[in-house]
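Undergrad: Input: one structure, supplied below.
Nothing in this text is a laboratory measurement; each read-out follows from the coordinates by a stated rule. Here the structure is a predicted model, which means the values were calculated and not measured. Because the Cβ atoms are built from the backbone with ideal geometry, glycine has one as well, and the counts that use them run over all protein chains shown.
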Amino acid sequence: MRLRRTPFYFLRHGQTDWNLENRAQGQTDVPLNAAGLQQAWSACTLIEPLNIQTICSSPLARALTTAQIIGDYISKPVRIVEELAECSWGTKEGETKSTWFSDWKNEREIPSGAEHYSSFLIRALAGINKALEYPGPVLVVAHGGVYWTIQKHTGLGEESDLPNAIPVFHEPIGRKSTLWSASPVSA
């Protein structure tokens, strides 16, 4: 499966307390903190001039709340795409990320109840592709882990953490290349 060659925007949800503590949130429904709510509101002014036609969101509260704030601001409904949920880390959710995390990513050790890293990437890619079937430009509001899938399928380099609530525009380079460009949206 490949990423649909359609330009789109991606926004990682606003900050949570668990982000600050470097805890694995996974599918635990951790709410935005006060800073995260402010980040969502600040993102609205960056997104407003982009002519977004569709907002697709993870069903988890931290992403959905971020998407709903933006959707209300630009008068666009939010479509929930279940496959955009963060990876399930099973019994490790709520723990700080340590050696277990790299063991999980390298599929050396899978925590009890967790998704396999490779299965998660396939699910997240299906979710992004589903979102990109909607009229564009599309804004995908999801999670840092979901962004790893974008990095993997666009040639954007190693997986890295995307800052909270900063929209990034993604566009394929050329007609046949598998490479993409990514540009943070700024004021």
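Undergrad: Where does each of THR149, THR6 land when they are ranked from fewest to most other beta-carbon atoms within 10 angstrom? Show your work: numbers first, answer last.
TA: Numbers: THR149 22, THR6 17.
Ordered from fewest to most neighbouring Cβ atoms within 10 Å, THR149, THR6 come out as THR6, THR149.
Undergrad: Starting from the Cα of ALA61, move 7 Å in the Cα-to-Cβ direction to define the label point; list residues of the range 33-49 whose amide nitrogen is under 12 Å from there.
TA: 33
Undergrad: While we're on this one: Roughly speaking, what is the centre-to-centre gap between the range 43-101 and the range 105-136 when only Cα atoms are used, to the nearest Å?
TA: A separation of 15 Å, based on Cα centres.
Undergrad: Which far-off residues, 5 or more places away or on another chain, put their amide H under 5 Å from the one on LEU156, with H placed in the peptide plane?
TA: Long-range HN contacts for LEU156: none found.
Undergrad: Is the chain best put as rounded, prolate or oblate by its Cα gyration tensor, with a ≥ b ≥ c the root eigenvalues, rounded for a/c under 1.5, and otherwise prolate when a/b is larger than b/c, oblate when not?
TA: Details: a/c = 1.80, a/b = 1.21, b/c = 1.49.
Taking the square roots of the gyration eigenvalues as a ≥ b ≥ c, the chain is oblate.
Undergrad: Checking the a/c ratio against 1.5 first, then a/b against b/c, what shape does the Cα gyration tensor give for the range 1-68? Write out the running numbers ahead of the final one.
TA: Details: a/c = 2.34, a/b = 1.35, b/c = 1.74.
It is oblate, given that a/c is not under 1.5 and a/b is not larger than b/c.
Undergrad: Another question, then. Do any trypsin sites (Lys or Arg not before Pro) in the range 1-53 lie in a DSSP loop with no more than 11 other beta carbon atoms within 10 Å, and if so, which?
TA: On the way: sites: ARG2, ARG4, ARG5, ARG12, ARG23; in loops: ARG2, ARG4, ARG5.
For trypsin sites (Lys or Arg not before Pro) across the range 1-53 that sit outside H, G, I, E and B with at most 11 neighbouring Cβ atoms in 10 Å, the list reads ARG2.
Undergrad: At R0 = 30 Å, how high is the FRET efficiency between ALA34 and TYR117 if r is their beta carbon distance? Nearest 0.05 is fine. All intermediate terms of the calculation are to be shown ahead of the outcome.
TA: Working: r = 32 Å, r/R0 = 1.08.
Result of the calculation: an efficiency of 0.40.
Undergrad: Where does the chain land at 222 nm, in deg cm²/dmol rounded to the nearest 500, when only DSSP H runs of n ≥ 4 count, each adding -39500 (n - 2.57), divided by all residues?
TA: Details: 6 runs with 65 residues, N = 187.
After summing the helix terms and dividing by residue count, I get -10500 deg cm²/dmol.
Undergrad: Using a 7 Å offset from the Cα along the Cα-to-Cβ direction at both SER183 and ASN106, what is the distance between the two label points in nm, to one decimal?
TA: With each label placed 7 Å out from Cα toward Cβ, I get 3.8 nm.
Undergrad: In what sequence do THR66, THR28, THR91 fall when counting other Cβ within 10 Å, fewest first?
TA: THR91, THR28, THR66
Undergrad: Pick out, from LEU37, SER183, SER119, the residue whose Cα sits farthest towards the positive end of the charge dipole of the range 8-184, with +1 on the Cβ of Lys and Arg and -1 on the Cβ of Asp and Glu.
TA: With unit charges placed on the Cβ atoms, the residue in question is SER183.
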